[in-house]
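Note sheet for the following structure.
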Amino acid sequence: MSLPPELTAFHHHLGDCKELLNADNTIFMLEELEIADGYLFIAEEEQNVVSWAVPLQQSDNTDPVV
């Protein structure tokens, strides 16, 4: 599976900065990415009410729907 190019670049440059990834909302580290129901889940809101995901069929798109 390939990640959207922007997500790959983000993790390349800032993926080790846990303070940034877990500030208010959580951006999943690469090993925490989840796949469910045809979506790649990349982040969640701090109260676990909202999640952000990319459709797997668009994961190689440079500007996928989130």
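Worth a mention:
- The distance between label points at residue 52 and residue 23 comes to 1.1 nm (points 7 Å beyond Cα on the Cα→Cβ vector).
- Accessible surface of residue 19 - all protein chains present, 1.4 Å probe, nearest 10 Å²: 140
- Separation in nanometres of the label points that stand 7 Å from Cα toward Cβ, at residue 32 and residue 8: 2.3
The values are calculated or read from the model by the stated rules, or taken from the named source; none is laboratory data. Here the structure is a predicted model, which means the values were calculated and not measured. Heads up, the Cβs are rebuilt from the backbone with ideal geometry, glycines too, and the neighbour counts pull from every protein chain shown. The protein model used for the area step is the full one, side chains on, heavy atoms only, and it has no ligands, DNA or RNA in it. Shrake-Rupley method; radii C 1.70, N 1.55, O 1.52, S 1.80 Å.
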